[in-house]
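Here is the structure we will look at.
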Amino acid sequence: MYLLLQKNNMMNIAKKNYTAAACVLLMLGTVYSIYAQTEVHGIFSHDVRWSIEDSPYLVTGDILVKENAKLSINAGVTIICAASPVPDTSIKQYDRADSFSVAIKIEGCLDCAGKKDNRIVFKPAEIRPGGNSWYGIVFKKAPDQYTEMAFTDICGAYFGITAMECGPLIHNCIIEQNNIGINCLEKGNCRINNCIIADNFTAGIKTSSANPVFNNNIIVFNRNNGLWCDGVSHITFQFNCLWGNSDGDFMECDPELGVPVVSGKKKTDSADFAHNIRKNPVFAGSESDSIAVEKDLSLPTEKSRMADTAIGKILYSALPDSMAAKKRMGRHLRYSLSEYSPCINTGNPAREFTDANGTRNDMGIYGGLGAIEKNLK
């Protein structure tokens with residue numbers, strides 16, 4: 001009898017240990033699934049789709065999308081680019097920086113279209129202070145009509161986007177904290193609309209023997225130049241905002257760019273001949289936004305600043321504290337415009353750039369797409 005009881009106790013203990021072990025394994029499996037990454041590299045000679053279910057994708061070596069292939073990236077996908085690539089001699093290297101960093105090279109088609117509230121993200125696996133840890137996205141001879149990037153964020157690269165002998169459509173993207181944000185080379189005639197190009201090191205945009213088109217972009221806080229031309233390229237650069245680029249907004253560009261047009265004896269509202277403005281874009285929640293609120297004479301004075309408290313009691317019995325009401329609640333969308341921004345309703349007035357609400361284009365990543373949404377309906 002004693003042996004039978006002892007055997008039962010041992011079986012119960014074993015069951016408990018098995019259950020505990022199973023729980024631990026389940027927890028480890030859950031943790032692994034959360035942090036699991038899909039490793040990708042090599043030559044894509046057929047159509048490939050990166051889905052949110054398999055995100056994030058870890059790019060461990062160069063990727064080449066061949067001429068007759070298509071890479072589709074679903075909204076919400078995160079792509080992490082490794083700092084030390086797997087050597088692959090089958091993919092041509094463009095320069096020394098390319099040889100020791102990860103590049104995503106597009107010779108075929110790319111469909112990289114996120115959504116306003118579900119963006120696609122390209123970022124480095126590790127942040128290198130004062131340096132960049134991956135090469136960037138390179139379009140070479142890619143078919144214009146089948147190459148698009150939208151609602152996508154790119155950071156931490158030597159060249160965020162490079163285009164050669166093609167004209168990809170890039171719109172509503174954030175291109176920041178790269179060495180050069182957009183690099184247009186050798187007939188790299190990009191079409192760049194409603195993007196934020198900010199905090200890049202050498203330049204926000206660089207062109208060389210190319211004729212790109214820029215509309216409704218905000219090019220700000222780049223550590224050297226905003227737009228760096230070569231004196232040869234014939235770029236179309238209109239209805240953009242430039243501000244806070246440390247070494248100047250323009251370098252070796254058309255000398256009339258950035259020069260306010262003079263009407264009679266007065267200059268226009270700081271717009272040049274191509275309707276570009278050189279003003280603080282005033283992003284929502286920024287220090288500039290707070291200063292604009294302080295200077296807004298249409299707002300009544302805060303109660304705490306009113307000398308006549310009796311009048312203050314009468315005024316604010318029906319009207320909430322204006323400054324408190326003006327303080328935005330919750331978090332702001334990145335790079336959203338303050339109501340005081342000079343970029344509101346000052347983008348290209350052409351119908352193709354109309355905002356979703358039917359009004360004139362707002363510069364920056366939340367403007368445009370009205371014509372597309374109308375067609376979808």
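Any read-out appearing in this document is the output of simple, stated calculations on the displayed coordinates, not a laboratory observation. None of the values given here were measured: they were computed from a predicted structure. Every residue, glycine as well, gets a Cβ built from its backbone with ideal geometry; the counts of neighbours run over all protein chains shown.
Things worth noting here:
- The amide H of D296, built 1.01 Å from its N in the peptide plane, has no neighbour under 5 Å, considering only residues 5 or more places off or on other chains.
- Checking every one of the trypsin sites (Lys or Arg not before Pro) in region 195-281 against DSSP loop status and a limit of 11 other Cβ atoms within 10 Å picks out K265.
- Of all DSSP beta bridges in region 151-190, antiparallel share, percent nearest 5: 0
- Its Cα centre serving as origin, region 38-267 has a Cβ charge dipole (Lys and Arg +1, Asp and Glu -1) of approximately 480 debye.
- Amide H within-cut-off set for C109, under 5 Å, with H built and near neighbours excluded: A69, K70, L71
- Over the C-alpha trace of region 38-267, radius of gyration and Dmax come out as 17.3, 63 angstrom.
- At full extension, R128 and D111 could sit 3.2 nm farther apart than now, given 0.36 nm per residue minus the alpha carbon distance.
- Region 57-105 has equivalent-ellipsoid semi-axes of 20, 15, 8 Å, by the square roots of 5 times the alpha carbon gyration tensor eigenvalues, sorted largest first.
- Cross-linked pairs K66/K116; K92/K116; K115/K206; K116/K140; K123/K187; K70/K187: Cα-Cα separations exceed 24 Å for K66/K116; K92/K116; K115/K206; K116/K140; K123/K187.
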